1. Please state which one of R30, R82 is out of contact with any Asp or Glu (no Cβ under 7 Å at 6 or more places or on another chain), modelled with pLDDT of 80 or more, among the basic types (K, R) and in a helix (DSSP H, G or I).
2. Could you please give the count of residues in segment 42-75 that are within 25 Å of K106 (Cα to Cα) and modelled with pLDDT of 75 or more?
3. Any chance segment 100-121 includes a residue that's surrounded by 11 or more Cβ atoms within 10 Å (Cβ to Cβ), of a type outside the set (S, T, Y) and within 23 Å of T202 (Cα to Cα)?
4. Kindly indicate the residue of segment 143-162 that is loosely packed, with under 15 Cβ neighbours inside 10 Å and among the polar types (S, T, N, Q) and also nearest to R176 (Cα to Cα) among those meeting that condition.
5. Pairs only if they're at least six apart or on different chains, beta carbon under 7 angstrom, first in segment 172-189 and part of a helix (DSSP H, G or I), second charged (D, E, K, R); list them, first residue then second.
6. Determine if segment 2-10 includes at least one residue that is among the small types (G, A, S) and surrounded by fewer than 12 Cβ atoms within 10 Å (Cβ to Cβ).
Amino acid sequence: MSPFVKRLRRYLVAGILVWAPIAVTFLLLRLAVNVMDKTLAVIPQQYRPEELLGFHIPGLGVILTFVVLFVTGMLAANFVGRYVVGGWESLMDRIPVVSSIYSAAKNFAEVVFSDSSDSFKNVLLIEYPRKGLYSIAFQTSSVLGEVQGRTGEDVVCCFVPTTPNPTSGIVIMVPRKDITVLDMDVDEALKMVISLGVVVPTWRNERTRELPFEDPESPE
């Protein structure tokens with residue numbers, strides 16, 4: 001390959017690396033705004049902003065979505081709101097098929113968004129799919145009841161995500177003694193998974209010298 005072709009290829013790749021993230025971010029944000037703008041459909045036709053102003057303003061649905069979420073959360077946090085939510089959940093539990101879907105979605109939301117849970121709070125390093133090979137995993141639960149009783153070990157439930165789509169993966173039970181808790185945040189680990197391991201978070205650990213291998217990025 002001639003030097004001119006190499007230089008041309010390098011410049012093209014550099015241009016792609018600049019514009020591709022911008023384009024993806026723009027498309028995802030536009031999709032999110034368009035989806036949330038659909039919430040304006042709950043407003044009667046004659047009272048919608050485009051009818052009152054005579055033109056459409058993108059993003060008003062985003063404001064309405066946040067207002068609805070905030071008001072719903074505020075109401076659900078008081079006594080009356082908890083009573084109403086409890087009655088709604090009781091109704092959902094009585095409907096066949098719907099109860100299974102609703103309870104699964106509710107449990108998943110509580111696991112991901114609740115601060116009281118220890119799920120997805122720790123990034124783990126485990127030997128998977130065999131000894132000597134390592135995988136990134138997320139802790140989802142440490143109280144496993146029958147599983148711990150049957151195995152006779154202190155096991156931790158781990159979610160091993162696939163790449164580049166971390167929303168799919170497998171759930172495995174790993175003895176706590178075989179788990180290494182990493183210093184990286186969940187967001188950093190997700191970036192590493194999504195990027196196929198290309199984006200590696202900087203290790204900011206003062207105990208590097210105590211480990212068998214030194215961090216290559218640590219100063220001498």
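The values are calculated or read from the model by the stated rules, or taken from the named source; none is laboratory data. Note that the structure is predicted; figures quoted are calculated from it, not measured. All Cβ positions, even for glycine, are placed from backbone atoms using ideal geometry, and neighbour counts span all protein chains on display.
1. When all the criteria are applied, what remains is R30.
2. Qualifying residue count for the region: 15.
3. yes
4. T151
5. Correct list of pairs: R176/D154; D178/E127.
6. yes
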